[in-house]
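Asks: Shown below is the structure under consideration.
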Amino acid sequence: MVREFRIKVDHNKCVGSRICTAVAPTKFQLNAEGQAVPTTSQNCNLKLIQTAAEACPVGAIEVETLDETKRES
Amino acid sequence: MTSTLKEKLADDILSPEAIHNPESYFARLREEDPIHWNEKQKMWVVTRYEDVVFICRQPKLFSSDKLGFNVTQIPESKRAKYQEQFPDIFSAYPHILSATDNPVHDQIRLIVNQVWTPVQAEKWRLRIRGLIHRLLDDLENKDEIDFIKDFTLPLPLRVILEFLGFAQEDWKQVKKYSDRWLAFHFGSGLDAERWHSGAEGIKGLIDYVQPRVCDLKSNPQDDYISALFKAEWKGQRLSDQQVIVHCATMLFAGHETTTNLLANGLHILLSNRDQWSRICADPSLIASAVEEIIRLGGSIKSMMRYALDDIEIKGKKIKKGDLVLLVNTSANRDSRKFSCPHQVDVARRPNAHLGFGQGIHICLGAPLARIEAQEAYLALSQRFPAMKLLMKDAEYYPLLRARALKSLPVVLR
């Protein structure tokens, strides 16, 4: 099973605090402007991503579990 | 532009005109010389949005180490003497989040972040609402008030004291020590009075918080300080001293800025009556109104960094050790980022202002300040929609770093 999530970092809110890249270094990285971008949307450790979202000091990270799951081809 | 104009601008940063109307002063710098060497203040003044953001997001190049910077100003032969004379400053500053660089900053912040997030702050909304209505109940029978003395000064102090579990009656004592500390924190130089003031303020607040913090370590409760002791990041916890300094800093930093924000915000709203009427008629605009107020009337006018290495930005050669003033209040009116930047629009979205800073030093107390401001303007607009300013010209304290009104007389009905 491939579980898919929609992870969105709102760049109008993201201040480049780097909290998410410290909490979940394999799930977020910084772009050239120093703002966070998610590195994955599949089969990730959802709990870790939710922890990073909650730790974000400006609430810039949204995590949505997609209703549909699909089988690996 | 002529060099004469540049020099005039450089000399004017604390002039009555620049204090009264910083927008006009900084707008000229922003357009004509956005990374400007101010010869009088001996510092770079950065006024465009993109440059302020860039520097804030380069903590390896631009330091926030306040003690480190202060120490560089002391001649080497006198450093040991200062350390001996002001032990409280030297022992506290290496643990103050806003005044440290990495790795120390992240070590503290990531532990604090386990127990303090916007989600945690939200749990305080109803208690803050209650405090606001109790304060307004006391003002109900008065026609005219000084909004600062009667509301914006007591509210943030009461909130932060209640948040940390201290008695609200202690606010005068806390305010006295905070003011002493403030004179050191936002100043610079070797002036003995400044250092004595800082030492007295820091020692006063540390001595004030210490017994309660130590008691909570031995007898933990369901509260923020006990949670700080339990919080871990990669197996590390905060030391007793780190928790004590953190709590003292919260008392110091957690009220003055919100006092000024609440006052500046009401001044903006009542001076733009159409915008005040909009929030009175539609309370769902309160959240975006507060962001707009922070953009245009945030209490922190500028932030300080110093260069850890030589760096060239837009042709300007910043040298290692140079002071850099990041003028967030100017960046927040940069037309390259905001459409109609001088216009007050309580429904503005998006609104990526720099009122709480940017980068790793983003204001820790921002979630609490936002809630206080949202709840304050909600209560005021619902209870006193007819309130009016009783002054023609606003008067501000002549400060480089903060935007602080001296008074705000209003009539409630």
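Asks: How many residues does region B:101-119 hold that are part of a helix (DSSP H, G or I) and more than 9 Å from chain A (Cβ to nearest Cβ)?
Replies: 6
Asks: Moving to a separate point now. Away from chain A (no Cβ under 14 Å) and in a loop (DSSP other than H, G, I, E, B): does that describe B:Gly265?
Replies: Against the criterion (away from chain A (no Cβ under 14 Å) and in a loop (DSSP other than H, G, I, E, B)), B:Gly265 does not qualify.
Asks: Go through region A:1-44 and count every residue that is β-branched (Val, Ile, Thr) and more than 12 Å from A:Cys56 (Cβ to Cβ).
Replies: 5
Asks: For region B:325-337, check the following and say yes or no: at least one residue is over 29 Å from B:His133 (Cβ atoms), part of a strand (DSSP E or B) and among the aliphatic types (A, V, I, L, M).
Replies: Yes, some residue in region B:325-337 is over 29 Å from B:His133 (Cβ atoms), part of a strand (DSSP E or B) and among the aliphatic types (A, V, I, L, M).
Asks: B:Gly189 is checked against (1) surrounded by 20 or more Cβ atoms within 10 Å (Cβ to Cβ); (2) closer than 23 Å to B:Lys81 by Cα and fails just one. What number does that condition carry?
Replies: Result: B:Gly189 passes all but (1).
Asks: Give just the number: which of (1) crowded, with 20+ Cβ neighbours inside 10 Å; (2) in a strand (DSSP E or B) does B:Val52 not satisfy?
Replies: (2)
Asks: Moving to a separate point now. Return the only residue of A:Leu30, A:Leu66 being within 29 Å of B:Val104 (Cβ to Cβ) and aliphatic (A, V, I, L, M).
Replies: Among A:Leu30, A:Leu66, only A:Leu30 is within 29 Å of B:Val104 (Cβ to Cβ) and aliphatic (A, V, I, L, M).
Asks: If you don't mind, another one. Between a residue in region B:345-363 that is facing chain A (nearest Cβ under 8 Å) and farther than 14 Å from B:Tyr49 by Cβ and any residue that is among the basic types (Lys, Arg) and part of a loop (DSSP other than H, G, I, E, B), which pairs come within a Cβ distance under 7 Å, given they are 6 or more apart or on different chains?
Replies: As it stands, the answer is B:Ile360/A:Arg18, since those pairs meet every condition given.
Asks: Can you spot a residue in region B:375-392 that is assigned to a helix (DSSP H, G or I) and either under 28 Å from B:Trp37 (Cα atoms) or of a type in the set (Asp, Glu) (or both)?
Replies: For region B:375-392, residues assigned to a helix (DSSP H, G or I) and either under 28 Å from B:Trp37 (Cα atoms) or of a type in the set (Asp, Glu) (or both): present.
A quick yes/no check of all residues on (1) buried (at least 16 other Cβ atoms within 10 Å of the Cβ); (2) part of a helix (DSSP H, G or I); (3) over 18 Å from the mean Cα position of the chain (by Cα); (4) without any contact (Cβ under 8 Å) to a residue 12 or more places away in the chain:
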{"position": "B:Arg194", "(1), (2), (3), (4)": "yes, yes, yes, yes"}
{"position": "B:Lys203", "(1), (2), (3), (4)": "yes, yes, yes, no"}
{"position": "B:Gln210", "(1), (2), (3), (4)": "yes, yes, yes, no"}
{"position": "B:Thr259", "(1), (2), (3), (4)": "yes, yes, no, no"}
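Asks: Search region B:304-333 for residues that are on the phi > 0 side of the Ramachandran plot and pair each with any residue that is part of a strand (DSSP E or B) when their beta-carbon atoms are under 8 Å apart and the residues are at least 6 apart or on different chains.
Replies: Taking only residues 6 or more apart or on different chains, the pairs are B:Lys314/B:Ile35; B:Gly321/B:Tyr306; B:Gly321/B:Ala307.
Asks: Something else now. Scan region B:5-17 and give yes if some residue there is in contact with a helix residue (DSSP H, G or I) (Cβ under 8 Å, 6 or more places away or on another chain), closer than 19 Å to B:Met304 by Cβ, surrounded by 18 or more Cβ atoms within 10 Å (Cβ to Cβ) and modelled with pLDDT of 95 or more, otherwise no.
Replies: No.
Asks: Those residues that are of a type in the set (D, E, K, R) and modelled with pLDDT under 95, I need them from region B:283-313; list them, please.
Replies: Once the filter is applied, which keeps residues that are of a type in the set (D, E, K, R) and modelled with pLDDT under 95, region B:283-313 yields only B:Lys301.
Asks: Looking at (1) surrounded by fewer than 19 Cβ atoms within 10 Å (Cβ to Cβ); (2) under 22 Å from the mean Cα position of the chain (by Cα); (3) modelled with pLDDT of 95 or more, which one does B:Ala394 not meet, given that it meets all the others?
Replies: (3)
Asks: Of B:Leu161, B:Leu131, B:Leu136, B:Leu157, which residue is within 30 Å of B:Ala394 (Cβ to Cβ), in a helix (DSSP H, G or I) and either touching a Phe, Trp or Tyr at 6+ places or on another chain (Cβ under 6 Å) or modelled with pLDDT under 95 (or both)?
Replies: The conditions single out B:Leu157.
Asks: Going by what's in this entry, would A:Lys8 be described as closer than 22 Å to B:His353 by Cα, modelled with pLDDT of 90 or more and not in a loop (DSSP other than H, G, I, E, B)?
Replies: yes
Asks: B:Leu308: buried (at least 21 other Cβ atoms within 10 Å of the Cβ), in contact with a Phe, Trp or Tyr (Cβ under 9 Å, 6 or more places away or on another chain) and of a type outside the set (Phe, Trp, Tyr), yes or no?
Replies: No.
Asks: For region A:14-41, which residues satisfy the criterion of being in contact (Cβ under 8 Å) with a residue 12 or more places away in the chain and within 7 Å of chain B (Cβ to nearest Cβ)?
Replies: Selection gives A:Val15, A:Gly16, A:Ser17, A:Arg18, A:Ile19, A:Gly34.
Asks: While we're looking at this one, here's another question. When region B:66-90 is examined, which residues are found to be out of contact with any strand residue (DSSP E or B) (no Cβ under 7 Å at 6 or more places or on another chain), within 27 Å of B:Leu14 (Cβ to Cβ) and either aromatic (Phe, Trp, Tyr) or at pLDDT 95 or above (or both)?
Replies: Hits for region B:66-90 are B:Tyr82, B:Phe86, B:Ile89.
The values are calculated or read from the model by the stated rules, or taken from the named source; none is laboratory data. It should be emphasised that the depicted structure is a prediction, and the values quoted were computed from it without experimental measurement. Cβ: placed from backbone, ideal geometry, glycine included. Neighbour counts: every protein chain shown.
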